[in-house]
Amino acid sequence: MCSSDLSTGIRMTAAPTPRQSVRKYSWLAHLPISRKILLGIVLLLGLFLIASSITLYTQNQQETSRRWTDHGYHVQLAIARQQRNLQSSQLGLRGYLLSLRPSELDQFNTGMQQLDAQVPVLRQLTIDNPLQQSRLDHFESMLAQWHKEAEEKVILPLGKLANVDPRQAAEQSDIIGDDYFAHRSVSMQDINHVLAQMNATERTLLDQRSTHLHHMLLVNRLLSGIFALLSLALGLMVISLTSRLVTHPLRRITNQMNRLAAHDYGIEIRSVDRRSEERRVGK
């Protein structure tokens with residue numbers, strides 16, 4: 001229902017019914033303009049903070065996975081060095097048993113020194129893994145036993161053959177070798193088996209860590225895409241609400257004020273049922 005102001009010619013439209021008002025205006029319409037703008041900014045900042053926090057968490061997880069992956073490679077390299085040192089010592093012992101050359105004995109001793117030097121390194125690398133530590137203890141005890149038997153049953157007896165006739169020395173060397181291989185308590189296969197077990201465990205851990213790293217990369221990409229879409233949707237929503245609840249009403253009021261300033265009294269001013277700047281300006 002409309003009423004006419006006879007003195008000015010300005011028509012005032014009655015306010016909509018409460019049900020119409022509820023349908024047409026939400027609680028956002030009753031907020032001041034500053035709070036509407038602030039709400040949009042807070043929503044965008046909140047989404048940005050959530051996205052940044054999740055991204056930071058996934059990046060930390062990726063860095064941890066990369067660090068453990070590098071650690072696994074270092075452990076495998078240390079195990080491979082031990083396998084080479086063990087093979088060098090074995091070849092030196094066999095060569096000395098066959099030829100009695102001092103160079104072969106030097107190779108055996110050098111290999112043993114490198115084996116002993118690498119044990120603390122490997123122990124430090126596997127300090128986080130009790131299973132690998134127990135295997136390393138077993139490896140170290142078998143290595144010491146193998147070294148002891150090689151010294152007592154091969155190197156010392158062969159050293160006594162330095163001044164013996166070469167033919168007789170060769171015969172004695174064969175006897176010493178046969179006795180050693182028949183009565184030794186630790187073989188190279190036993191020691192290598194422990195190293196192979198350690199290497200297999202590290203390879204399994206490395207595969208698991210690589211899979212976890214790949215999973216974290218996929219999660220990070222997925223979350224980045226989701227938050228990008230959410231940011232776009234929220235940004236469009238804020239723009240739409242700002243245009244509908246702030247820009248359009250202010251533009252309408254500005255147009256009405258300009259028409260009033262131009263002495264145009266035929267305009268229609270709606271009665272606004274809002275607790276915002278638009279109501280105060282429209283009065």
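The values are calculated or read from the model by the stated rules, or taken from the named source; none is laboratory data. Computed from a predicted structure; not experimentally measured. Note: ideal-geometry Cβ built from the backbone for every residue, glycine included; neighbour counts use all protein chains shown. Accessible surface is based on the protein model in full, side chains and every heavy atom, while ligands, DNA and RNA are left aside. Shrake-Rupley method; radii C 1.70, N 1.55, O 1.52, S 1.80 Å.
Odds and ends about this structure:
- Qualifying residue in segment 146-158 (condition: modelled with pLDDT of 90 or more, surrounded by fewer than 16 Cβ atoms within 10 Å (Cβ to Cβ) and among the basic types (K, R)): yes
- Scanning segment 112-122 for residues that are crowded, with 19+ Cβ neighbours inside 10 Å and either more than 35 Å from the chain's Cα centre (by Cα) or closer than 10 Å to N85 by Cα (or both) turns up M112, L115.
To keep it simple, each residue is scored yes or no on (1) touching a Lys or Arg at 6+ places or on another chain (Cβ under 9 Å); (2) outside any helix (DSSP H, G or I); (3) under 28 Å from R101 (Cα atoms).
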site	(1), (2), (3)
L143	no, no, yes
A150	yes, no, yes
A196	no, no, no
V219	no, no, no
L222	no, no, no
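- Within segment 202-226, being surrounded by fewer than 17 Cβ atoms within 10 Å (Cβ to Cβ), more than 13 Å from the chain's Cα centre (by Cα) and in contact (Cβ under 8 Å) with a residue 24 or more places away in the chain holds for R203, L223, S224.
- Any hit, segment 52-63, residues being out of contact with any helix residue (DSSP H, G or I) (no Cβ under 7 Å at 6 or more places or on another chain), farther than 26 Å from Q208 by Cα and part of a helix (DSSP H, G or I): yes
Here is a yes/no grid of residues against (1) at pLDDT 80 or above; (2) hydrophobic (A, V, I, L, M, F, W, C); (3) part of a helix (DSSP H, G or I):
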position: V186; (1), (2), (3): yes, yes, no
position: A200; (1), (2), (3): yes, yes, yes
position: Q208; (1), (2), (3): yes, no, yes
position: T247; (1), (2), (3): no, no, yes
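- So L86, is it within 18 Å of Q145 (Cβ to Cβ) and either in contact with a His (Cβ under 6 Å, 6 or more places away or on another chain) or among the hydrophobic types (A, V, I, L, M, F, W, C) (or both): yes
- All positions within segment 125-139 that are closer than 18 Å to L77 by Cα and surrounded by 13 or more Cβ atoms within 10 Å (Cβ to Cβ): L125, T126, N129, Q132, Q133, R135, L136, F139
- Checking L100 against (1) without any contact (Cβ under 8 Å) to a residue 60 or more places away in the chain; (2) at positive phi, the condition it does not meet: (1)
- Subset of segment 95-111 (residues that are over 11 Å from I155 (Cβ atoms) and within 48 Å of the chain's Cα centre (by Cα)): D106, Q107, T110, G111
- Complete set of residues in segment 91-104 that are open to solvent by 40 Å² or more (accessible area, probe 1.4 Å), under 18 Å from F181 (Cβ atoms) and in a helix (DSSP H, G or I): L91, R94, L98, S99
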